[in-house]
1. Checking the structure you have, find out if any residue of segment 92-99 is charged (D, E, K, R) and surrounded by fewer than 19 Cβ atoms within 10 Å (Cβ to Cβ).
2. What are the residues in segment 150-168 that are closer than 23 Å to residue 116 by Cα and surrounded by fewer than 17 Cβ atoms within 10 Å (Cβ to Cβ), if any?
3. Going by the conditions given, is residue 218 surrounded by fewer than 15 Cβ atoms within 10 Å (Cβ to Cβ), at pLDDT 95 or above, within 16 Å of the chain's Cα centre (by Cα) and not hydrophobic (A, V, I, L, M, F, W, C)?
4. Given the conditions (1) at negative phi; (2) assigned to a loop (DSSP other than H, G, I, E, B); (3) touching a Gly at 6+ places or on another chain (Cβ under 9 Å), and given that residue 157 satisfies all but one, which numbered condition is not satisfied?
5. Among the residues that make up segment 100-109, is at least one of them at pLDDT 95 or above and crowded, with 21+ Cβ neighbours inside 10 Å?
6. Does at least one position in segment 91-112 carry a residue that is under 28 Å from residue 31 (Cα atoms), of a type in the set (Asp, Glu) and in contact (Cβ under 8 Å) with a residue 60 or more places away in the chain?
7. Of everything in segment 125-149, what is surrounded by fewer than 15 Cβ atoms within 10 Å (Cβ to Cβ) and under 20 Å from residue 7 (Cα atoms)? Give them in sequence order.
Amino acid sequence: MQFIDTHSHLYSSQFDEDRTNAVNEAIAAGVSTILLPNISSEYTKGMLELCSEFPNNCFPMMGLHPCDVKEENIKEELAHVEEELVKGIYIAVGEIGLDLYWDKTKLEIQKEAFIHQIELAKKYKLPIAIHVRDSFAEAIEIIEKLNDKNLRGVFHCFTGSVDDAQRVINLGGFYLGIGGVLTFKNSGLDKTIAEVDLQHLILETDAPYLAPTPFRGKRNESKYIVNIAERLAKVHQINIEKVAKITTENAKKLFGL
C-alpha cells in the first residue's frame, strides 16, 4: 500500500530532535510522499532543506498562512511568495486561506492575502491548499467567485457538513482534505464523510497538529496517515487497500505527482 500525506509541517520546531527519523518512519509505514505547505518566509529555508534531504519523498508548497498575515509585513511576505514561485520548484500554493479562530479582527487583510495568492496560483498554474478554520463560509464564497478552469485545490482539514462538502465538489477541481478529526469520537465528521464518495477525498495529517486517535493530544506524525486511512475504510465499509489506492490517485492527480 502507498499513501500520500498531502499536508504536513515536518520542518517545524517540534521535529528538531528527530526530523530525519520521523520521515524515515513514515516511509517505512507506507507513506511514500509527504507534501509540505509553507507558513511564512521564516520557515522557507528549513522546509527546503528537508526536501533536499528527501528529494524523492518530500515536496514543498509556497504560501503565507493566514495566521501569519500581518499589516506591517504583508507586502514583503507576499513578495517572498512570488519570488519563490518563480523558481518553479513548488507543487502548490499553500497554506493559504482564512482563520477566524484566533483573531476575527484581521479578516479583511487575510482576505487580501488569500485573494492575492489565489491569483498567483492561477498565474503559475498550481493548485492551492486552503486553511479554513472557523471560516469555511467566508473562504468558499471567495473561491466560488474566483473559480475557473485554472483553479483547483484542497480544503485542508475539512470538518464541515454534507452541504459544505457538496459546495466543494460543485467547484469541479477541488478535494476535501481528511485528517485526524475523522477519528475523534464526537466530531461527527464520520457521518458527513460516509455520504461523500472517495473520489473527492485526499488524506493528510497536519503534523505536528491534530494527531488521530489513539495519539490525540500528542505530537502528530506523517506515519499516522495509516490510522486515518483505517478509520476512513471503516466509515465507507471497504478495505484499507482501496482507500490507499483511491486517495493516492486523487493526490497525484491534484498535485501533478
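The values are calculated or read from the model by the stated rules, or taken from the named source; none is laboratory data. These numbers were taken from a predicted model, which means no experiment stands behind them. Every residue, glycine among them, receives a Cβ derived from its backbone with ideal geometry; neighbour counts consider all protein chains shown.
1. At the first step, the residues of segment 92-99 found to be charged (D, E, K, R) are 95, 99.
So of that shortlist, the ones also surrounded by fewer than 19 Cβ atoms within 10 Å (Cβ to Cβ) come out as none.
No: segment 92-99 contains no residue that is charged (D, E, K, R) and surrounded by fewer than 19 Cβ atoms within 10 Å (Cβ to Cβ).
2. 150
3. On the way: surrounded by fewer than 15 Cβ atoms within 10 Å (Cβ to Cβ): yes; at pLDDT 95 or above: yes; within 16 Å of the chain's Cα centre (by Cα): no; not hydrophobic (A, V, I, L, M, F, W, C): yes.
Judged against the criteria, residue 218 is not a match.
4. (1)
5. no
6. If we filter segment 91-112 for residues that are under 28 Å from residue 31 (Cα atoms), which is where we start, we get 91-97.
Checking the rest, the ones that are also of a type in the set (Asp, Glu) come to 95.
In the following step, the residues that additionally are in contact (Cβ under 8 Å) with a residue 60 or more places away in the chain were identified as 95.
Yes, there is a match, as at least one residue in segment 91-112 is under 28 Å from residue 31 (Cα atoms), of a type in the set (Asp, Glu) and in contact (Cβ under 8 Å) with a residue 60 or more places away in the chain.
7. Within segment 125-149, 125, 134 meet the criteria.
To keep it simple, each residue is scored yes or no on (1) of a type in the set (D, E, K, R); (2) in a loop (DSSP other than H, G, I, E, B).
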site	(1), (2)
97	no, no
125	yes, yes
137	no, no
143	no, no
148	yes, yes
151	no, yes
172	no, yes
175	no, no
